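To keep things clear, I will list the structure first and then write my remarks on it.
The values are calculated or read from the model by the stated rules, or taken from the named source; none is laboratory data. These numbers come from a predicted model, not from an experiment. Quick reminder, even Gly has a Cβ in these numbers, built from the backbone with ideal geometry, and neighbours come from all protein chains shown. SASA here: full protein model, heavy atoms, side chains in, ligands and nucleic acids out. Shrake-Rupley method; radii C 1.70, N 1.55, O 1.52, S 1.80 Å.
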Amino acid sequence: MGIVAFSYGAAVGLRGKVLHSDYYGGEVSDRVKTTPHLRAVANKSFAVCGIAAAILLLAPLIWIFLEFQRDRTTWELLCLTGYVFVVVVIGGYPFAKMKAL
């Protein structure tokens, strides 16, 4: 699910529609929406972080499905949870960056 969500965010960024009110531009200042350079920075950060997060989420899926029948230890699951948390923070970074621009 996360791969699809981050891929969609990256696609919106690549199309240059991040600041459109139908997507993610509702809480962004007018200065960011009207300045071409800041719009480009917002779109690029969405595209880059979305692609990075989607690719990073492939690793846990591959790890789980390669050894699907094996039981996981508690430490493995805790590390997996921490890894996914870091990836979600990376994917959510553009939201904070757009508000700070």
Identify the residue in segment 41-54 that is closer than 15 Å to Lys99 by Cα and touching a residue at least 40 places away in the same chain (Cβ under 8 Å) and, among all such residues, is surrounded by the most Cβ atoms within 10 Å (Cβ to Cβ). Phe46
Are any residues in segment 9-40 within 15 Å of the chain's Cα centre (by Cα) and touching a residue at least 24 places away in the same chain (Cβ under 8 Å), and if so, which ones? Gly9, Ala10, Ala11, Val12, Gly13, Leu14, Val18, Tyr24
Restricting attention to segment 55-101, which residues are closer than 30 Å to Gly26 by Cα, among the aliphatic types (A, V, I, L, M) and over 15 Å from the mean Cα position of the chain (by Cα)? Ala100, Leu101
Restricting attention to segment 55-98, which residues are within 18 Å of Lys17 (Cβ to Cβ) and open to solvent by 60 Å² or more (accessible area, probe 1.4 Å)? Phe95, Lys97
Scope segment 1-47; condition among the β-branched types (Val, Ile, Thr) and in a helix (DSSP H, G or I); matching residues: Ile3, Val4, Val12, Val32, Thr34, Val41
Take segment 16-59 and flag every residue that is touching a Phe, Trp or Tyr at 6+ places or on another chain (Cβ under 7 Å) and over 30 Å from Thr81 (Cα atoms). Lys17
In segment 48-94, which residues are within 16 Å of Gly9 (Cβ to Cβ) and part of a loop (DSSP other than H, G, I, E, B)? Leu57
The correct count of residues that are within 18 Å of Gly2 (Cα to Cα) and either touching a helix residue (DSSP H, G or I) at 6+ places or on another chain (Cβ under 6 Å) or among the polar types (S, T, N, Q) (or both) in segment 53-82 is 7
Boolean, Gly13 is buried (at least 19 other Cβ atoms within 10 Å of the Cβ), touching a Phe, Trp or Tyr at 6+ places or on another chain (Cβ under 9 Å) and at pLDDT 90 or above: no
